[in-house]
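Read through the structure below, which is laid out as C-alpha cells, and then see the notes.
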Amino acid sequence: MIVQVPLFRDQLAAGASVESVHAALTAHYAGQSIVEVVALDVSAKMARVDAVELAGKDTMKLFVFGQPDGEHINLVALLDNLGKGASGAAVQNMDLMLAA
C-alpha cells in the first residue's frame, strides 16, 4: 500500500524544506527497527515506488519528495496494510510499553 500526504509549504514553519522534513523524520524514527526513512538521494533516483516491495513484511518505508522551490513536499509511506493491522499494532504497542 502506498499512502501519500502532501504538505503545503505555506502552511509549514518558515524555512521548511525537503531536507528539514526528512531530517525531522529521520531523527524521530532513529533506532526504530520497523520504520525506515529512505535517504533523499535514493528517493531522488527512483522512477517509482514499488507498491508490493514490502508485501508480507511488518515494516514501513517513508519517503520525502519535493522540488527545492516547489509548493509541496510529499510524504509517501510504503507498507503492507495486512501486516500493519490490529495484530501488528498490538505488538508495536507492547514494544513501546516494555521499553518505557
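The values are calculated or read from the model by the stated rules, or taken from the named source; none is laboratory data. Nothing here was measured: the structure is a model prediction, and the numbers come from that model. Don't worry about glycine lacking a Cβ; one is built from the backbone with ideal geometry, like all the others, and counts go over all protein chains shown. For accessibility, only protein heavy atoms count, side chains too; no ligands or nucleic acids. Shrake-Rupley method; radii C 1.70, N 1.55, O 1.52, S 1.80 Å.
Points to keep in mind about this one:
- Subset tally (residues that are open to solvent by 80 Å² or more (accessible area, probe 1.4 Å) and under 12 Å from the mean Cα position of the chain (by Cα)) for the range 3-17: 1
- Complete set of residues in the range 56-90 that are modelled with pLDDT under 80, surrounded by 12 or more Cβ atoms within 10 Å (Cβ to Cβ) and not basic (Lys, Arg): Asp58, Leu82, Gly83, Gly88
- Conditions (1) in contact (Cβ under 8 Å) with a residue 12 or more places away in the chain; (2) of a type outside the set (Ser, Thr, Tyr); (3) not in a loop (DSSP other than H, G, I, E, B): number failed by Ala24: (1)
- Counting the residues of the range 18-55 that are touching an Asp or Glu at 6+ places or on another chain (Cβ under 8 Å) and open to solvent by 80 Å² or more (accessible area, probe 1.4 Å) gives 0.
- Cross-chain or 6+ apart pairs with Cβ under 6 Å, the range 49-72 first and without any contact (Cβ under 8 Å) to a residue 40 or more places away in the chain and among the polar types (S, T, N, Q), then open to solvent by less than 70 Å² (accessible area, probe 1.4 Å) and in a loop (DSSP other than H, G, I, E, B): Thr59/Ile34
- The range 42-58, subset within 14 Å of the chain's Cα centre (by Cα) and not in a loop (DSSP other than H, G, I, E, B), residue nearest to Gln4 (Cα to Cα): Ser43
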